[in-house]
1. Give the residue that is nearest to Phe272 (Cα to Cα), with candidates limited to residues of the range 326-348 that are free of Cβ contacts under 8 Å to residues at least 60 places away in the same chain and either outside the structural domain of Gly276 (by TED's automatic domain parsing) or hydrophobic (A, V, I, L, M, F, W, C) (or both).
2. All but one of (1) assigned to a loop (DSSP other than H, G, I, E, B); (2) modelled with pLDDT of 90 or more hold for Phe266, so report the exception by its number.
3. Being assigned by TED's automatic domain parsing to the domain that holds Lys134, surrounded by 13 or more Cβ atoms within 10 Å (Cβ to Cβ) and hydroxyl-bearing (Ser, Thr, Tyr) is the requirement here; does Ser26 meet it?
4. Just need a number here: residues in the range 269-313 that are closer than 20 Å to Val336 by Cβ and in a helix (DSSP H, G or I).
5. State all residues of the range 235-249 that are crowded, with 20+ Cβ neighbours inside 10 Å and part of a loop (DSSP other than H, G, I, E, B); if no residue qualifies, say none.
6. Could you please find all residues in the range 178-233 being assigned to a helix (DSSP H, G or I), over 23 Å from His262 (Cα atoms) and among the acidic types (Asp, Glu)?
7. Scan the range 302-313 and report the pairs whose first residue is closer than 17 Å to Leu270 by Cα and whose second residue is aliphatic (A, V, I, L, M) and in a helix (DSSP H, G or I), with Cβ atoms within less than 6 Å and a gap of 6+ or a chain change.
8. Sort out which residues of the range 314-338 are more than 33 Å from the chain's Cα centre (by Cα), outside any strand (DSSP E or B) and within 23 Å of Gly217 (Cα to Cα), and write them in order of number.
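The values are calculated or read from the model by the stated rules, or taken from the named source; none is laboratory data. In this text, all values refer to a predicted model and were calculated from it rather than measured experimentally. Counting neighbours? That spans all protein chains shown, and the Cβs are built from the backbone with ideal geometry, glycine included.
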Amino acid sequence: MKIMMIVAMDEEEIIGDNEKLPWKLSSDLKRFKQLTIADGFNAVVMGRKTWESLPEKFRPLPERLNIVMSKDTSWFDQGAEVALYPGRAIEIAYANGCDECWIIGGSQIYELFLEHVEEIHLTRVHTKNSGNIKFPTVDWSNWQKEIIEEVKAELGEAGRETDQALVEEIATGKAEWLEEWAPLLNSDEAPINPYRVINEINKAVDHENTILTHDAGHPRDQIMPFYQATAPRGYIGWGKTTHLGYGIPLMIGAKLADPSKHCMNFMGDLAFGHTGLDIETAVRAGVPITTVIINNFTMGGYDKTMPTAMERFGAGNQSGDYADVARALGARGIKVEKPEGIAPALEEAHQANKEGEVCVVEIITRPDSRFSKYEDLLKRD
């Protein structure tokens, strides 16, 4: 159970005026309700004065377990659970199966719970001399500040006005950039160009209901600029921070976290060589994910970093039929060798996932070391 605090204060950290809120901000009240109810069953913890300040028609606060802190153990009011000390309030919330426990005031109650809370959700009201009740003294340097709510409070729910000229400038720049890359994104060559694969993925998936990641190496560098991420947590990109083969277990975790999403990993053949056996883990655990392998039979870029080893011994080259490997591990294996086969294969994989089947799509591609880099965009002018 997560314990959090929610409070509105002015620039002098005033939170009340004679036990009443100094402001009536509809957006803040809406936010309070949204956060404290959320999706589960939550508790709100308050002092007796805060309880009594609530309008009778809203007491107890609906759809939440109301816990009132009181030193008077004989005190009782309909709809309120009574706690003498913080630990007891937390016990009551936990015993009632609450997902979250929200501390909502007043000042003494905030002070009692400061050492127990993980987060403080703060609305800063830009005014002064609002009242006579102050929030307890806090060393804010010990807290990581999230500025989103503060920006909302300053700009309002509607946000800042759209800079239409900037929007059009970005759209024009994007269109010109995509036009430059169109020959690769729409290439009909065989072996298949990896950028054609990325383009087909963009057209095939439902972006709002897909979680996609890439693996390390060239597949990362190729897909990052072009994949159209449209929903929060719909794309998990991680730069150069981890090893080859990370994408398969990452997607297993993503599917377990949100079974409703279509979870797809985009990786190279060598990365599959590192952790491909985790496909069997996904099969055994009943976690239907899709892995797209671009198989070009070599480690991209290693001709530059170890040219002698590559030229004399082919040290970065490998072979294998990964669709067959997938079948041997209990998954559905699909092999694609022509561009026109990509879209049907991706659709088949999606359908297989819906039916509970793990799927590996092996696409035979050609090496391509051309990348869209930010510094190249800066040189355009």
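1. To start, the set of residues in the range 326-348 that are free of Cβ contacts under 8 Å to residues at least 60 places away in the same chain comprises 326-335, 340-341, 344-345, 348.
Those left that are additionally either outside the structural domain of Gly276 (by TED's automatic domain parsing) or hydrophobic (A, V, I, L, M, F, W, C) (or both): 326, 328-329, 331, 334, 345.
Numbers: Ala326: 11, Ala328: 15, Leu329: 13, Ala331: 14, Ile334: 15, Ala345: 18 Å.
My answer is Ala326.
2. With respect to (1) assigned to a loop (DSSP other than H, G, I, E, B); (2) modelled with pLDDT of 90 or more, Phe266 is out only on (1).
3. On the way: assigned by TED's automatic domain parsing to the domain that holds Lys134: yes; surrounded by 13 or more Cβ atoms within 10 Å (Cβ to Cβ): no; hydroxyl-bearing (Ser, Thr, Tyr): yes.
Criteria not met by Ser26.
4. Of the residues in the range 269-313, the ones closer than 20 Å to Val336 by Cβ are 269-273, 276, 279, 288-298, 300.
Then keep just the ones that are in a helix (DSSP H, G or I); that gives 269-273, 279.
Total satisfying the criteria: 6.
5. Start the filter on the range 235-249 by keeping residues that are crowded, with 20+ Cβ neighbours inside 10 Å, which leaves 245-248.
Matches in the range 235-249: Gly245, Tyr246.
6. Glu179, Glu180
7. Tyr302/Met310; Asp303/Met310
8. Of the range 314-338, the ones more than 33 Å from the chain's Cα centre (by Cα) are 314-321, 324, 328, 337-338.
Subset that is outside any strand (DSSP E or B): 314-316, 318-321, 324, 328, 337-338.
Matches in the range 314-338: Gly314, Ala315, Gly316, Gln318, Ser319, Gly320, Asp321, Glu337.
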